[in-house]
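Working notes, structure below.
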Amino acid sequence: MNNDEYYDIDSILAEHSKIPCIFLHDIDASVNLSGDGNEIAANSRVELPFWMAKVLAQYRLPNGENLVTIELPRAYGTRVRNSLDASPTSIDFRQVSPYFYQFGTKLYDLIIDDQLPATLEKTFKARLKEIMNISLTGSTNVGQDFLQKLDETEKELFKAGQESTAESRKWRHRRRQQLKPVSLGHRISSQSSIS
């Protein structure tokens, strides 16, 4: 986690997402971090929170070997990517991964997958267009099904779009702040009496 994300609750929750790891070495029961008190055999697959998996994946044993390898989570796997290619707005990110974009960008440094950044970008652009259309037109009844499928980043963007639309309407109808005429006659008469 970067220093600028230290107090960001969304970043903390995104890093708590589980990620599949394969232990390359036996782990003693006293060191088992899953809390069940069992040994972990080499080549065992265990799902760990991202913040823990990242540290374990970056750790090198004294002989230079890795302790664990990390697999791509199902939320970014082939099945989801195929669905995103077919129709980005049909995916329910609430079910897939509530922090889809934020967690996906955290995976960049840890998992070698050249297609992941392009997939996230393409999906974001396609869904952003729909989010802004709904938030700017104010037609929440039309897009209610779609709005239920947003991840946390998209919800923030939708909220910002609605607030922007409301502020724009206030400004357009002059409700934002009224201009008050200045009485120049009063100023001129008070200055002439001074001289």
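The values are calculated or read from the model by the stated rules, or taken from the named source; none is laboratory data. What you see is a predicted model; the values in this text were computed from it and never measured. Here the Cβ positions follow ideal geometry from the backbone for every residue, glycine too, while neighbour counts run over all protein chains shown. Note: accessible area is taken over every heavy atom of the protein model, side chains too, but ligands, DNA and RNA are not part of it. Shrake-Rupley method; radii C 1.70, N 1.55, O 1.52, S 1.80 Å.
Dipole magnitude of the stretch 1-134 about its Cα centre, charges +1 at Lys/Arg Cβ and -1 at Asp/Glu Cβ only, in debye to the nearest 20?
Values: 13 positive and 19 negative charges, 115 e Å.
Roughly 560 debye, rounded to the nearest 20.
For the stretch 22-117, with all protein chains present and a 1.4 Å probe, just round the carbon and sulfur fraction of the accessible area to a whole percent.
Values: 2790 of 5710 Å².
Ligands and nucleic acids excluded, carbon and sulfur reach 49 percent.
Would you mind working out the accessible area per residue for the stretch 16-163, using a 1.4 Å probe, and quoting it in Å²? The partial results should precede the final answer.
On the way: 8580 Å² over 148 residues.
Per-residue value: 58 Å².
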Residues Gln162 and Asp109, FRET efficiency given R0 of 35 Å [Cβ-Cβ distance, rounded to 0.05]: 0.55
Going by amide H atoms built from the backbone, whose H comes under 5 Å of the H on Leu48, apart from near neighbours? Ile19, Cys21
Please list, in chain and number order, the residues 5+ apart from Leu24 or on another chain whose amide H is under 5 Å from its amide H, with Hs placed from the backbone. Asn43, Val68, Thr69
For the stretch 119-136, in order, what is each residue's ³J(HN,Hα) by Karplus, 6.51 cos²θ - 1.76 cosθ + 1.60 with θ = phi - 60°, in whole Hz (x at glycine and Pro)? 5, 4, 5, 4, 5, 4, 5, 5, 6, 4, 4, 5, 4, 5, 4, 6, 5, 7
Principal axis dimensions, the stretch 30-154 - Cα atoms, whole angstrom, descending: 59, 31, 21
Calculate the spin-label point distance for Ile9 paired with Gln95, positioning each point 7 Å from the Cα along the beta-carbon direction, and give it in nanometres. 2.7 nm
Using a 7 Å offset from the Cα along the Cα-to-Cβ direction at both Leu24 and Ser87, what is the distance between the two label points in nm, to one decimal? 4.3 nm
Length gain on complete extension for the stretch Leu61 to Leu136, per 0.36 nm per residue less the alpha carbon to alpha carbon distance? 21.6 nm
Within the stretch 1-160, how many Lys pairs that are eight or more residues apart, or on different chains, come under 22 Å at the alpha-carbon? 19
